[in-house]
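Peer 1: Have a look at this one.
All of the numbers you see were taken from the coordinates with simple rules; none came from a lab. All figures in this text were calculated on a predicted structure; none of them were measured in a lab. Note: ideal-geometry Cβ built from the backbone for every residue, glycine included; neighbour counts use all protein chains shown.
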Amino acid sequence: MAQQLKKENEHCAICGCLLNRKGKYAAPTVQGRAHATKHHFVAERFFGRSANRKGNVRSRLFEKCPWGLEGEYEVFCYECHEILLHNPVFTREDIAAFAKLARRKQLDEPEKTKSCEKLAMRVQLLHQVIERGIKTLMNEV
């Protein structure tokens, strides 16, 4: 079951700043930068839903959430949500290495088919890369 948005003294799940719910979303001000916004752990589009295309049902990428997090979210400040989480940086080398890894695991698709199974598996593979990278860096600190 999805958690509810908290109303007072809430902090961004990443940077820890005190969140603002009094307007100025995305404004280039301290209030705008700290505005509260929720982010699903696993994108709703993976389950055939879209908040900005209500009523438009698409096929599900995952029948069952591989991480057991369908519908769950956390609350972040505007910066951590819209700038950090929605805009990861991938270099050319990162993309080439990930493509090579996907090919090695036979998750490439020289020709698309009706199935989205390989796409779902690439999503899971990218999560593994992120998860293992975080664990590696945590061990270095």
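Peer 1: Quick one: if the Förster radius is 30 Å, what FRET efficiency do Glu74 and Gln106 give, using the C-beta to C-beta distance and rounding to 0.05? Intermediate results must be reported in sequence, preceding the final value.
Peer 2: Numbers: r = 34 Å, r/R0 = 1.12.
For R0 = 30 Å, the calculated efficiency reads 0.35.
Peer 1: Taking +1 at the Cβ of each Lys and Arg and -1 at the Cβ of each Asp and Glu, which of Phe46, Cys12, Pro66 sits farthest along the dipole of the chain towards its positive end, judged by Cα position relative to the Cα centre?
Peer 2: So the residue we want is Phe46.
Peer 1: Report the charge-dipole magnitude of the stretch 92-140 in Debye, nearest 20, computed about the Cα centre from +1 at each Lys and Arg Cβ and -1 at each Asp and Glu Cβ. Intermediate results must be reported in sequence, preceding the final value.
Peer 2: Numbers: 11 positive and 8 negative charges, 32 e Å.
Computed about the Cα centre, the dipole is about 160 debye.
Peer 1: If each DSSP helix of 4+ residues adds -39,500 (n - 2.57) and the sum is divided by the residues in the chain, what number results at 222 nm, nearest 500 deg cm²/dmol?
Peer 2: Working: 3 runs with 41 residues, N = 141.
My calculation for the chain gives -9500 deg cm²/dmol from helical runs alone.
Peer 1: May I ask you to give the average projected area over all directions of the convex hull of the Cα atoms of the stretch 1-87, in nm² rounded to one decimal?
Peer 2: For the stretch 1-87, the mean projected area of the Cα convex hull comes to 6.5 nm².
Peer 1: Quick one: length gained pulling Arg60 to Leu85 fully straight, 0.36 nm per residue minus the C-alpha distance? Could you put the intermediate results ahead of the total?
Peer 2: On the way: separation 25, 0.36 × 25 = 9.00 nm, distance 2.22 nm.
Difference between extended and current length: 6.8 nm.
Peer 1: Further, regarding this structure: Counting other C-beta atoms within 10 Å, and keeping those with at most 16, which DSSP coil GluC sites (Glu not before Pro) do you find in the stretch 30-118? Mind dumping the intermediate values first?
Peer 2: Details: sites: Glu44, Glu63, Glu70, Glu72, Glu74, Glu79, Glu82, Glu93, Glu111, Glu117; in loops: Glu63, Glu70, Glu72, Glu111.
In loop regions of the stretch 30-118 (DSSP not H, G, I, E or B), the sparsely surrounded GluC sites (Glu not before Pro) are Glu63, Glu72, Glu111.
Peer 1: Taking all pairs of different Cα atoms in the stretch 51-120, averaging 1/r and flipping that mean, what Kirkwood radius in angstroms comes out?
Peer 2: Details: mean 1/r = 0.0641 Å⁻¹.
After inverting the pairwise mean of 1/r, the radius is 15.6 Å.
Peer 1: Once the principal axes of the Cα atoms of the stretch 92-140 are found, what is the range along each, listed largest first in whole angstroms?
Peer 2: Principal extents (largest minus smallest coordinate, Cα): 42, 20, 16 Å.
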